[in-house]
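Below is one structure, written out as structure tokens; comments come after it.
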Amino acid sequence: MKTRMITFEDGLRLVHAQMEGVRSVAIGVMTGAGSGNETPENNGISHFIEHMYFKGTKTRSSYDIVKQIDALGAQINAYTAKQATCFYTICVDDESEKCAEILSDILFDSTFDPEEMEREKKVVLEEISMCDDDYADVCADTASKLYFGSDPLGMPILGTRGNVKRFTRDDLLGYIGKNYNVGSTVISIAGNIPFEKAEEIVRKYFVGRWSGGERDWRDRPRTPEAAEEYVFKDIEQSHITVTFGSVPYSSKNDISVMLLNTILGGGMSSRLFYEVREKLGLAYSVYSYSGTYVNNGTLNVYIGTNPASVGKAADVAADVIADIKKNGLSREEFDRGLQQLRGAYVLGQESSGALMRILAKHVLFTGETFDFAGRIDEISRLDYAAASEAIANELDLSRACVAYVGRKTDKDLLERFTSRA
């Protein structure tokens, strides 16, 4: 698979990968506008704008958009993250230009009709309510706020009800004018389409349509102190998220940290899964996950357990982390983890949609093309001693941030982690 990038005369970047043996094409437009560059006063506007782009253009109603996409046998969707928003279609290869035209229409000719805005506000408020009822999500958002503090990365992607209710058409257009610019936008196309055709489509429907400007990555490197926050809810399960500082996106040690995450809680053979769930039956859901941003990174542990087991589950997780800090990874874990990472990258190349997202994010965050072959080679060449040295700086228990959502408890969860530092 060959990956190629081109920068057009207006500064717009196209990254492309032609995939052998598939009939699909994924076209994504990713821009560096997300909750991470909002303020408390407009938090949630990136996500609301994402919704509004699908609510009608000068020539298509919202129903026309989805009806025409369905008639092509294609998919159209979008998502908002903390540092990006992505609009995309996935289609059969011979419908790629038509799908690109529809994407272009919603991005450049949406009307942002005030009546549609008021209707869509109700939809977003329902989405916020839905997420408020997902207590694992509430715990993750609480942990993020605790770790990042006043930094925009600590704010929820969906925003607040008060903000959503207040947004006006002028607010949305002003934000788009400031944040949707050519320097922070990447077109990513992956699938059964030659580069020449992809370039032709992008030139026809996207080049010259955005204003100039560059993305201002507002996240500044953070080194938080230990902290905890409890959100008491009369619910059946208790949720714990422990957040540690880690490496930013594309750090020189990112493969070693990915390996650590895999061994800690990235699968059914991970230490957390085995110790907390398989040996003791303290949780159904227990895992670790990373968050990587341009200038920041986190490594997180999540446990969902019953209220009576909160203290025990936290103790076991803290013991697992303390043991890794003291003794590192075994050689067997190292070898197994490398194979898991290698497999994930190989299999990730077989989905046009997944490939499109990876390529777009890497260009947006680094300005460079993601090299899958080089990445797999890096994984294969990773040295056990070098990886051990790199992960020695991870999982600083003395700076753990612990978020809890569940029934009232007198357990001091933070002390369970910091006391093992």
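The values are calculated or read from the model by the stated rules, or taken from the named source; none is laboratory data. Because the structure is predicted, anything quoted here is derived from the model rather than measured. Note that each Cβ is placed from the backbone with ideal geometry, even for glycine, and that neighbours are counted across all protein chains shown. For accessibility, only protein heavy atoms count, side chains too; no ligands or nucleic acids. Shrake-Rupley method; radii C 1.70, N 1.55, O 1.52, S 1.80 Å.
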(request) Calculate, axis by axis, the spread of Cα positions in the stretch 158-286 along the three principal axes, and write the results as whole Å, longest axis first. (result) 59, 44, 30
(request) Of the options Leu260, Ile6, Thr111, report the single residue whose Cα projects farthest towards the positive end of the charge dipole of the chain (beta-carbon charges: Lys, Arg +1; Asp, Glu -1). (result) Leu260
(message) Can you sort Thr3, Thr241 by solvent-accessible area, 1.4 Å probe, largest first?
(response) Thr3, Thr241
(message) Compute a Gaussian network model of the chain, connecting alpha carbons closer than 10 Å, and tell me which residue from Gly32, Gly265, Gly348 fluctuates the most.
(response) Gly348
(request) Note the angle between two axes, namely the Cα long axis of helix 96-109 and the longest principal axis of the Cα atoms of the chain, as a number of degrees from 0 to 90, rounded to the nearest 10. (result) 90 degrees
(message) Please compute the Kirkwood hydrodynamic radius of the chain from all pairs of different C-alpha atoms, in Å with one decimal.
(response) 22.9 Å
(message) For the chain, take the longest principal axis of its alpha carbons; what is the angle in degrees between that and the long axis of helix 352-366, to the nearest 10 within 0 to 90?
(response) 80 degrees
(request) Could you state the orientation-averaged shadow area of the convex hull built on the Cα atoms of the stretch 140-208, in nm² to one decimal? (result) 7.9 nm²
(request) Could you list which residues have their amide H under 5 Å from that of Lys233, counting only those 5 or more apart in sequence or on another chain, with H placed in the peptide plane? (result) Gly406, Arg407, Lys408
(request) Could you pull out the pairs from Lys2/Lys197; Lys233/Lys325; Lys82/Lys279; Lys326/Lys361; Lys2/Lys178; Lys58/Lys361 whose alpha carbons sit more than 25 Å apart here? (result) Lys233/Lys325; Lys82/Lys279; Lys326/Lys361; Lys2/Lys178; Lys58/Lys361
(message) Compute for the stretch 45-188: radius of gyration divided by Kirkwood radius, i.e. Rg/Rh, restricted to C-alpha atoms, rounded to two decimals.
(response) 0.99
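Dipole size in debye (nearest 20) for the stretch 235-314 around its Cα centre, Lys and Arg Cβ +1, Asp and Glu Cβ -1? All intermediate terms of the calculation are to be shown ahead of the outcome.
Details: 5 positive and 4 negative charges, 26 e Å.
Value, rounded to 20: 120 debye.
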(request) Rounded to the nearest 0.05, what FRET efficiency do Glu9 and Asp93 give with R0 = 30 Å and r taken as the Cβ-Cβ distance? Could you check? (result) 0.65
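Rounded to the nearest 5, what % of the DSSP beta bridges within the chain are antiparallel ones?
Values: 48 of 61 bridges.
Counting only bridges with both partners in the chain, antiparallel ones make up about 80 percent.
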(request) At 0.36 nm per residue, minus the direct Cα-Cα distance, what do Met130 and Ser150 gain on full extension? Give it in nm, one decimal, please. (result) 4.7 nm
(message) Connecting C-alpha atoms closer than 10 Å in a GNM of the chain, tell me which of Phe108, Phe206, Phe365 has the biggest fluctuation.
(response) Phe108
(message) Can you tell me the orientation of helix 195-205 relative to the chain, as the angle in degrees between its alpha-carbon axis and the longest Cα principal axis, to the nearest 10?
(response) 70 degrees
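Only Lys, Arg, Asp and Glu count, each charged at its Cβ (+1, +1, -1, -1), so figure out the dipole size of the stretch 123-167 about its Cα centre, rounded to 20 debye. Let's see the in-between values first.
Details: 4 positive and 8 negative charges, 65 e Å.
In total the dipole reaches around 320 debye.
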(request) With a Förster radius of 60 Å, plug the Cβ-Cβ distance of Thr223 and Glu101 into 1/(1 + (r/R0)^6) and report the FRET value to the nearest 0.05. (result) 0.80
(request) Would you kindly derive the ³J(HN,Hα) couplings of the stretch 212-225 from the backbone phi angles with the Karplus curve 6.51 cos²θ - 1.76 cosθ + 1.60 (θ = phi - 60°), listing them in order in whole Hz, with x for Gly and Pro? (result) x, x, 10, 6, 9, 6, 7, 6, 9, x, 10, 10, x, 8
(message) Above 21 Å lies some portion of the pair distances; for the stretch 1-126, what is it as a whole percent of all C-alpha pairs?
(response) 47 percent
(message) Could you put Lys82, Lys2 in order of accessible surface area, largest first, with the 1.4 Å probe and the full protein assembly present?
(response) Lys2, Lys82
(message) With Kirkwood's inverse mean 1/r over C-alpha pairs for Rh, give me the Rg to Rh ratio of the stretch 254-339, two decimals please.
(response) 0.98
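Please sort 409-420, 218-229, 314-325 by packing, taking for each peptide the average over its residues of neighbouring beta carbons within 10 angstrom, highest first. Numbers along the way, then the final one.
On the way: 409-420: 17.4, 218-229: 14.2, 314-325: 20.5.
Top to bottom by mean Cβ count within 10 Å: 314-325, 409-420, 218-229.
What is the sum of charges around Leu355, taking Lys and Arg as +1, Asp and Glu as -1, for the other residues whose C-beta is under 15 Å from the C-beta of Leu355? Could the numbers behind the result be given before it?
Working: positive: Lys2, Arg4, Arg23, Arg357, Lys361, Arg375; negative: Glu20, Asp93, Glu350, Asp371.
Cβ neighbours under 15 Å give a net charge of +2.
Could you give the dipole magnitude of the chain about its Cα centre, charging the beta-carbon of Lys and Arg +1 and that of Asp and Glu -1, in debye to the nearest 20? It would help to have the intermediate numbers written out before the result.
Working: 48 positive and 62 negative charges, 69 e Å.
So the magnitude is around 340 debye.
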(request) At 20 °C and 1.002 mPa s, grab the translational diffusion coefficient of the stretch 297-388 from Stokes-Einstein with a Kirkwood Rh over Cα pairs, rounded to a whole number in µm² per second. (result) 131 µm²/s
(request) Calculate, axis by axis, the spread of Cα positions in the stretch 182-222 along the three principal axes, and write the results as whole Å, longest axis first. (result) 42, 23, 10
